[in-house]
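Bear in mind that the values in this text are calculations on the coordinates, not laboratory data. Here the structure is a predicted model, which is why all the values come from computation and not from measurement. Counting neighbours? That spans all protein chains shown, and the Cβs are built from the backbone with ideal geometry, glycine included.
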Amino acid sequence: MSVQALHKQAQIGVDSARRDAAHFINGAFTQGSTGKSWENRSPLDNSLIGRVPEGGKAEIDAAVRAAKAALEGPWGNLTIPQRTDLLAAVADEINNRFDDFLAAECLDTGKPYGLASHIDIPRGAANFKMFAETVKNISTETFILETPDGKNAVNYGLRRPKGVIAVISPWNLPLLLMTWKVGPALACGNTVVVKPSEETPLTATLLGEVMNKVGVPKGVYNVVHGLGPNSAGEFLTQHPLINGITFTGETRTGEAIMKQAALGVRQVSFELGGKNPALVFADCDLDKAVEGTMRSAFANCGQVCLGTERVYVERPIFDAFVARLKAAAEALTLGRPEDSCTNLGPLISQEHRSKVLSYYKLAMDEGATLVTGGGVPDMPGELKDGAWVQPTIWTGLKDDARVVNEEIFGPCCHIRPFDTEEEAVKLANSTPYGLAAAVWTENVSRAHRVAAKLDVGICWVNSWFLRDLRTAFGGAKQSGIGREGGVHSLEFYTELTNVCVKL
Ligand SMILES: NC(=O)C1=CN([C@@H]2O[C@H](COP(=O)(O)OP(=O)(O)OC[C@H]3O[C@@H](n4cnc5c(N)ncnc54)[C@H](O)[C@@H]3O)[C@@H](O)[C@H]2O)C=CC1
Ligand SMILES: O=C(O)/C=C/C=C(\O)C(=O)O
């Protein structure tokens, strides 16, 4: 289908996607019993999308108990092929309902259809398909132990589901990041209780309809909406029947969840914040480096944990690079998701916009030179009430400026010149974060040398966000704990038992 046709179809779906959200507990949609709810408002124009019920201890307890019962009953009794066939059917049904997911995701986030139709929704489906394939092909280690009687013993590893997994997911790539956890959790035989971000309740709710349609047993996938502290997030992560907690979001929130996970010594898998560097060497292909840095700084309005907020450019090409990135930023088109020329949406909320704008102000207070942007764009009509900010570039900040060291999570970056490879590596490694980096050079030896010295979980060379779902994904330092992706996800989502058999 052409992008234009897709846009037209999704536009029709947008208004029907405006609805109240519901919890999905034990295969049924419910508003719960707290009587509390909040308004879900569109970041595009602040219009009302619907209300979201706030779950409390009773909803969390019901969801966790349903998940435990499914684990011990119908789900736990399936063979691996039966389970993985169901997950493949989930992926197919997401694709069958592509337009519904697209409309819901763009309504909640305001992101362009062009982006969500290429990344968010296809990845939502792929996350189920890929992990279903992965678990079909797991091999485990085997060791023969020689014993004094000469008869020996055989050891083999047995991977079993970990149990009931709590999934706490963020708002920037809601379906993609939630299914990046739910896919492997279910493929490994676990059951889940999801607490989606309060900003983006719709696609997690919609996935409940998919689960019912394809026949996933009730209780396997549960969703409880709510907030973090003293609400559904905290109640879920503290529930004694939860066996593991997977979270993507801010590092400070990770610290809070880790304390909650300490009760009962539950394992965590964390993908946290970043302040990711790009290293642009004079021997790079400048066209590719500018295009890649433009995407990594501004895609999804800068709300990608892997995005570039610090750009280090070798001095001989510094001025040319700054001029080219400025032109690219100024060519971005802000607008409604369904307009095919839109490539930049709003931020997720007014609250997040206040945070990003406070950094825009701080940059100037800290002595930055403003290259472009720095404020709020003049949007037409009802879009005036949306959470819009201008794509922004600064130069001239000191290395210890807060703007150069703290995660902003907006469409902005600071560019600084460097003179040697050693200096570039030192600058790149200079924050407490260690999620991702991008290196731009045509010198293969330099590429390998620099990649090996960067203290990050993911290093792209001459690319950005090129994702192979079989690879290890996660952060170093304060950017996370553990790795997910392909077989690496098994480390968190399964319990490994060594069976030693004396022969
Ligand atoms: N992928 C990433 O790295 C993301 C980073 N952020 C950053 O985090 C900042 C704050 O945004 P938030 O949406 O508030 O992200 P957050 O990291 O505070 O919250 C993410 C999720 O954690 C839940 N949560 C919060 N406190 C909790 C607790 N004590 N126990 C259990 N669950 C809890 C929230 O309800 C939400 O579902 C943003 O300004 C942005 O800078 C936000 C979203 C994603
Ligand atoms: O798994 C991916 O491809 C993308 C991950 C992005 C994040 O984790 C994020 O932005 O938080």
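General observations
- Under-5 Å amide H pairs with residue 276, H placed in peptide plane, nonlocal only: 309, 310
- Taking the range 276-469 and dividing mean pair separation by its residue count, relative contact order in percent (alpha carbons under 8 Å, at least six apart): 30
- Packing rank of 46-53, 405-412, where each peptide gets the mean count of other beta carbons within 10 Å, highest leading: 405-412, 46-53
- Partners of residue 259 within straight-line reach, counting aspartates and glutamates whose Cα lies under 19 Å from its Cα and excluding those fewer than 8 residues away in the same chain: 234, 250, 271.
- Principal semi-axes of the equivalent ellipsoid, √(5λ) from the alpha carbon gyration tensor of the range 139-205, are 43, 10, 8 Å from largest down.
- Model label sites at residue 287 and residue 315, defined 7 Å from Cα along the beta-carbon direction, differ in position by 2.9 nm.
- Legend: Rg and Dmax of the chain, from Cα coordinates, 23.4, 85 Å.
- Percent of Cα pairs in the range 276-469 per distance bin of 5 Å, from zero to the largest separation: 1, 8, 17, 21, 21, 15, 9, 5, 2, 0, 0.
- Near the amide H of residue 194, within less than 5 Å, lie the amide hydrogens of 167, 222, 223, 224, all on another chain or at least 5 residues away, with H placed in the peptide plane.
- Backbone N within the range 465-503 under 19 Å of label point (7 Å from residue 144 Cα along the Cβ vector): 499-503
- Residue ranges 77-88, 21-32, 147-158 sort as 21-32, 77-88, 147-158 when ordered by packing (mean number of other C-beta atoms within 10 Å per residue, highest first).
- Whichever lysines have a C-alpha closer than 20 Å to that of residue 288, once near sequence neighbours (fewer than 8 apart) are set aside: 326
- Pairs beyond 18 Å (Cα-Cα), from 151/502; 162/213; 275/355; 36/384; 129/181; 129/162: 162/213; 36/384; 129/162
- The range 171-265 - Kirkwood radius from inverse mean 1/r over Cα pairs (Å): 13.9
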